[in-house]
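Q: Below is one structure. I have some questions about it.
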Amino acid sequence: MPALHGNLSGLKTSYLHLLERIYRRKAYREVITPELARFITEISYEINRQIGILIDRNGSITHVIIGDAKSIYIPELADYRLGRKPLRGLRLIHTHLNEEALTQDDLTDLALLRLDLIASIGVRKGFPGNIYIAYLLPDGTKPFEILHYQNFHAFELEFLPFITSLESEMERHRLFSSDDSRERAILVSVSTRPKFEQEDSIEELKDLARSSNVLVLDTLIQRPRQINPRYLMGEGKIKEMIINALSKGATLLIFDQELSPSQVKSISELTELKVIDRSQLILDIFARRAHSRDGKVQVELAQLKYRLPRLTGKGTAMSRLMGGIGGRGPGEMKLEIDRRRVRDRIALLDKELRTLSEARKQRKQRRVEQGIPIISIIGYTNAGKSTLLNSLTKSSVFVEDKLFATLDTSSRRLRFPKERDVIITDTVGFIRDLPKDLMSAFRSTLEELEDADLFLHLVDVSNPRFEQHIESVENILKDLNLNLKPRLLVFNKIDKLNYEEARNLSMRYNAISISALDPGTFSSLLNAIQHHIWDIKTQSESYAEVIQNDYVTSK
């Protein structure tokens, strides 16, 4: 016999037996049978407590819940996950001792839990009195419909045809195909920063989500006077946001701000939706892109350091972190693993990373002995670094129009006239507010930049946020004490701008303009590289002239 739920204290054994017998009953065609309604109102009247029952679409009673005189508390429905359907497949029927209407808590439960419907039956001296019924609506004009009948026996509804039709209508109003297996996200920014900064940041978060194969359904920007330490925003607002996310069919909430472990836990306790932040999304992308042993070790190390403080307890917050976005990676481990084993694994990875670092130093020493100059292509993620490397060296490094498409470092040899060679290296893309654990793990890889004789700082000049991208890269170079290295500012994707705009931007920023897809635009860049590496100037023009005439020569 399934267990009773809720407030059982003080109940006589005879009442407990009566309540357990409710599980034997069925309610298939109707919302609830008259006999079952009479049974629960009679017991509710005698014990002076609300009684609730959850019924599935097969008519079986899955939960019997006992509350107090004013409310009931719905237990966790772990065995009845929402899944890909708009509704959960459970309806809640409960008693109201004073025949009062559905409360705000009732309606919130309906929306947050995506119940098929919720009904309250008024208790009239032990008999069913009135009945209130509420169900969610598909079109979004209003959240739900409430029906009221003064006499319970006047209410008739064939439940199964009704709920099947309602759910089909909800699916027709969704923004995605039912065959689309991607995670579906609502992006959330809660900050006291200026709104334009939040809008820029949320646009970048969209790009990150796309890189992780996430379908973005909607975005929400909040600018509270002060940040709520528990939910970032007020509890009422976050519940409203969750209800909206569920109505759109979201499976994931992605916050632009880094969430503390306690915030993840608090928000996850309000919803079954997975809750992650920007850092975890970036870690997920890195886990997808890591192919070399160096990359895999560094990603796993960053993931474990991120998860370690989130392993306290086994509440709903932990279950939200398991699997899917934010839970994958070369070193994925079950989050129930104890903290000691995680620390041991971190220590082991740290040791392996040091070994890999020694191997890199040996490779560096061989390059130094050969006396070959090193050029590193740096820049914001998705600036076109791998495309430029491929075009310069006629190689085939993986290229995709997504953030962090390239994670592992690639090096190729580039030959100049007079038997002069350089090694040109494509590095992992930079991004603002890179997660500190990831920055720490990749520091050893980024330290390879110390060996470079010249940086090519590649910028996607067609991106409206290119100035912020330049600033972010410069700040990271400063953090790595590499800001004094010689570098060329190279504006990529000039083919997306008109002539005057490209020329003016190049002159304003003292930059060289190219299209990484078109080797015919590289002459000015190659001349500038020769000038910096071997102090060679072209006979026809000075370096300043190269910059000013760059766009013209590419036409």
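Q: Go through (1) part of a helix (DSSP H, G or I); (2) surrounded by fewer than 20 Cβ atoms within 10 Å (Cβ to Cβ) and name the single condition residue 481 misses.
A: Among (1) part of a helix (DSSP H, G or I); (2) surrounded by fewer than 20 Cβ atoms within 10 Å (Cβ to Cβ), the lone unmet condition for residue 481 is (1).
Q: Where in the range 1-110 are the strands (runs of 3 or more DSSP E), entirely inside, with at least 2 residues that are of a type in the set (Val, Ile, Thr) and out of contact with any Asp or Glu (no Cβ under 9 Å at 6 or more places or on another chain)?
A: Fully inside the range 1-110 and qualifying: 51-56, 61-66, 90-96.
Here is a yes/no grid of residues against (1) modelled with pLDDT of 95 or more; (2) more than 43 Å from the chain's Cα centre (by Cα); (3) outside the structural domain of residue 100 (by TED's automatic domain parsing):
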{"residue": "27", "(1), (2), (3)": "no, no, no"}
{"residue": "32", "(1), (2), (3)": "yes, no, no"}
{"residue": "37", "(1), (2), (3)": "yes, yes, no"}
{"residue": "41", "(1), (2), (3)": "yes, yes, no"}
{"residue": "44", "(1), (2), (3)": "yes, yes, no"}
{"residue": "49", "(1), (2), (3)": "yes, no, no"}
{"residue": "52", "(1), (2), (3)": "yes, no, no"}
{"residue": "55", "(1), (2), (3)": "yes, no, no"}
{"residue": "64", "(1), (2), (3)": "yes, no, no"}
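Q: Any residue that is under 23 Å from residue 306 (Cβ atoms), modelled with pLDDT of 90 or more and surrounded by fewer than 19 Cβ atoms within 10 Å (Cβ to Cβ) - is there at least one of those in the range 219-228?
A: Looking through the range 219-228, at least one residue is under 23 Å from residue 306 (Cβ atoms), modelled with pLDDT of 90 or more and surrounded by fewer than 19 Cβ atoms within 10 Å (Cβ to Cβ).
Q: I would also like to ask the following. Just to check your reading of the model, which residue among 260, 247, 211, 266 is surrounded by fewer than 16 Cβ atoms within 10 Å (Cβ to Cβ) and of a type in the set (Gly, Ala, Ser)?
A: Testing whether each residue is surrounded by fewer than 16 Cβ atoms within 10 Å (Cβ to Cβ) and of a type in the set (Gly, Ala, Ser) leaves just 260.
Q: Counting just the residues of the range 125-134 that are touching a Phe, Trp or Tyr at 6+ places or on another chain (Cβ under 6 Å) and within 30 Å of residue 171 (Cβ to Cβ), which one comes out surrounded by the most Cβ atoms within 10 Å (Cβ to Cβ)?
A: 131
Q: Turning to a different aspect of this structure: Pick out the one residue from 279, 262, 266 that is touching a Lys or Arg at 6+ places or on another chain (Cβ under 9 Å), in a helix (DSSP H, G or I), among the hydroxyl-bearing types (Ser, Thr, Tyr) and over 19 Å from residue 436 (Cβ atoms).
A: 266
Q: Which of the following residues is of a type in the set (Asp, Glu) and either within 18 Å of residue 114 (Cα to Cα) or free of Cβ contacts under 8 Å to residues at least 12 places away in the same chain (or both): 20, 30, 76?
A: 76
Q: I'd like to verify a number: residues in the range 122-146 that are in a strand (DSSP E or B) and touching a Leu at 6+ places or on another chain (Cβ under 9 Å), how many?
A: Summing the residues that are in a strand (DSSP E or B) and touching a Leu at 6+ places or on another chain (Cβ under 9 Å) in the range 122-146 gives 11.
Q: Restricting to the range 411-428, name every residue that is free of Cβ contacts under 8 Å to residues at least 60 places away in the same chain and either in contact with a Gly (Cβ under 7 Å, 6 or more places away or on another chain) or not hydrophobic (A, V, I, L, M, F, W, C) (or both).
A: Of everything in the range 411-428, those that are free of Cβ contacts under 8 Å to residues at least 60 places away in the same chain and either in contact with a Gly (Cβ under 7 Å, 6 or more places away or on another chain) or not hydrophobic (A, V, I, L, M, F, W, C) (or both) turn out to be 411, 412, 413, 415, 417, 418, 419, 421, 425, 426, 427.
The values are calculated or read from the model by the stated rules, or taken from the named source; none is laboratory data. In this text the structure is predicted, and so the values were computed from the model without any measurement. Every residue, glycine as well, gets a Cβ built from its backbone with ideal geometry; the counts of neighbours run over all protein chains shown.
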